[in-house]
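A quick write-up on the structure given underneath.
The values are calculated or read from the model by the stated rules, or taken from the named source; none is laboratory data. Just so we're clear, the structure is a prediction, and the values are computed from it rather than from any experiment. Counting neighbours? That spans all protein chains shown, and the Cβs are built from the backbone with ideal geometry, glycine included.
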Amino acid sequence: MEQRTFTEAEVAQLAAARRQMELDRQIKNGAGWFFWIAALSLINSLMYFFGSETTFVVGLGFTQLIDGLAVAIGQQSTPDMRSIILILGYVLDLALIVGFFLFGLFGRKRIRWVIILGMVLYALDGVLVLVFGAWFSALFHLLALWGLWMALKAINEMETLEAAHPNGMPVIPQSVYNPQAAQEEGKSRFSKLGRGVLIALLLIVVLIAALTVINNF
């Protein structure tokens, strides 16, 4: 069977399409740091609630600060007020956790300002952990910020690549890669995963709040 010879234009199209795949993967991996931050922050709060002193360094320092303040203030309050304070702390935790989850969700959709906002908030969180002397956690904050920066850089390069093809990105043979099918499959899978994680987060926080109320009566 005679092997097909690609023209110079086709070779350039193949290279552009493959680069698009690489950039798309880089964006998803970089924005994925937001999901890790949200998930590990939730686990940190759960572990703190059950009396563990172990925490994940990638998690948010703000949620740990909220947990500590809620417990400290609650110990000096009446049982009823203690429950309210602890529940308020969990609500604030949830707001931050869901916020970072949404940063990851919309970051993967290549919304640049969302990633920038998330990076600024996580950088401020890094300053907070530095104030408390958590150097190891601060180093992991830098690592996560570097991953997010790479995602932002990939978005810029992707937009430049698409601008060079105003009539649409080149499509290489379906046997090699089908961008539309892959994109639709990825959207469907990620949408189901996103809803599942969000529901799980809500159920866990509700469970913690219920346990808090029960323990204080």
The lone condition I84 fails out of (1) part of a helix (DSSP H, G or I); (2) within 14 Å of the chain's Cα centre (by Cα) is (2)
Return yes or no: is M47 without any contact (Cβ under 8 Å) to a residue 24 or more places away in the chain, under 20 Å from S137 (Cα atoms) and in a helix (DSSP H, G or I)?
yes
Among all residue pairs at least 6 apart or on different chains, which show Cβ distances below 7 Å where the first residue, located in segment 78-92, is under 11 Å from D67 (Cβ atoms) and the second is modelled with pLDDT of 85 or more and crowded, with 18+ Cβ neighbours inside 10 Å?
G89/I66; L92/I66
Scan of segment 42-70 for residues that are acidic (D, E) and either modelled with pLDDT of 80 or more or closer than 20 Å to V127 by Cβ (or both), ordered by number:
D67
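Kindly indicate which of A31, A12, A16 is more than 20 Å from V91 (Cα to Cα) and either in contact with an Asp or Glu (Cβ under 8 Å, 6 or more places away or on another chain) or at pLDDT 85 or above (or both).
A31
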Checked against (1) hydroxyl-bearing (S, T, Y); (2) at pLDDT below 60; (3) more than 16 Å from the chain's Cα centre (by Cα), S191 satisfies every condition except (3)
W113 vs (1) under 24 Å from the mean Cα position of the chain (by Cα); (2) touching a residue at least 40 places away in the same chain (Cβ under 8 Å); (3) over 16 Å from I37 (Cβ atoms); (4) assigned to a helix (DSSP H, G or I): all pass except (2)
Check on R25, exposed (fewer than 14 other Cβ atoms within 10 Å of the Cβ) and either within 30 Å of E162 (Cα to Cα) or of a type in the set (V, I, T) (or both)
yes
Output for segment 127-140, where each listed residue is surrounded by 18 or more Cβ atoms within 10 Å (Cβ to Cβ) and either of a type in the set (V, I, T) or without any contact (Cβ under 8 Å) to a residue 40 or more places away in the chain (or both):
V129, A138
